[in-house]
Amino acid sequence: MPVTDVYQDLETRTLTIVADFAAPLARVWQIYADPRQLEKIWGPPEFPATVVDHELRPGGRVTYFMTGPDGEKYAGYWQVTAVDEPNGFEFDDGFADLDFNPDPEMPVSKNIFTFAEHDGGTRSTFVSIYESVEALQKVLDMGVIEGASSAINQIDGLLAG
């Protein structure tokens, strides 16, 4: 399992997931840079993702939806704020309606994804920062740790293929 550590800090309103991959930095970066690869790992296995728009550049937007086992679709977006290829990128991640309009009732998180060489492979650190403790608690109650961990754990299979 690639995920090696998960911790939440209500005081700083952060959720951090660390994962190690037996692949070069550039290869791990490519998973996020290529929308067809991204959709293979963005949602948990039972909620596969479909990437609709993919502009991984500052000011760019990535839109996607996940399809649940019952066929219901759940949309989301990234508003990309910074890119440092292949070392990482930053984006605001939010829930949306099926036209990709932000859902004002749901939390938005600032995300910082970093990739660094580590033990002959790549260590990925995924940090999500929420506007309030209540927003973080809402996604924790929705199962974000389990969902994100199972999504990230799919990366090894993609790297092996």
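The values are calculated or read from the model by the stated rules, or taken from the named source; none is laboratory data. Given the structure is predicted, the values throughout are model-derived calculations rather than measurements. When we count neighbours, we look across all protein chains shown, and the Cβ atoms used for this are built from the backbone with ideal geometry, even at glycine. Please note that ligands, DNA and RNA were not included when accessible areas were found on the heavy atoms of the full protein model with its side chains. Shrake-Rupley method; radii C 1.70, N 1.55, O 1.52, S 1.80 Å.
Below are the figures for this structure:
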item	result
Criterion: in contact with a Leu (Cβ under 6 Å, 6 or more places away or on another chain) and not in a strand (DSSP E or B) - qualifying residue of P69, P86	P86
Meets criteria (in a helix (DSSP H, G or I), under 26 Å from P107 (Cα atoms), among the β-branched types (V, I, T) and open to solvent by less than 70 Å² (accessible area, probe 1.4 Å)) for I31	yes
Complete set of residues in the stretch 136-153 that are of a type outside the set (V, I, T) and open to solvent by less than 50 Å² (accessible area, probe 1.4 Å)	L136, L140, G143, G147, A148, S149, S150, A151, N153
Where a residue in the stretch 87-101 is touching a residue at least 60 places away in the same chain (Cβ under 8 Å) and its partner, wherever it lies, is among the hydroxyl-bearing types (S, T, Y), with Cβ under 7 Å and at least six apart	N87/T114
Hits in the stretch 41-52 (condition: in a loop (DSSP other than H, G, I, E, B) and either surrounded by 19 or more Cβ atoms within 10 Å (Cβ to Cβ) or among the hydrophobic types (A, V, I, L, M, F, W, C) (or both))	I41, W42, G43, P44, F47
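Matching residues to (1) among the hydrophobic types (A, V, I, L, M, F, W, C); (2) within 22 Å of V28 (Cα to Cα); (3) at pLDDT 95 or above; (4) open to solvent by 50 Å² or more (accessible area, probe 1.4 Å):
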| position | (1), (2), (3), (4) |
| --- | --- |
| P69 | no, no, yes, yes |
| E72 | no, no, yes, yes |
| E85 | no, yes, yes, yes |
| F89 | yes, yes, yes, no |
| K110 | no, yes, yes, yes |
| T114 | no, yes, yes, yes |
| V127 | yes, yes, yes, no |
| E134 | no, no, yes, yes |
| L158 | yes, yes, no, no |
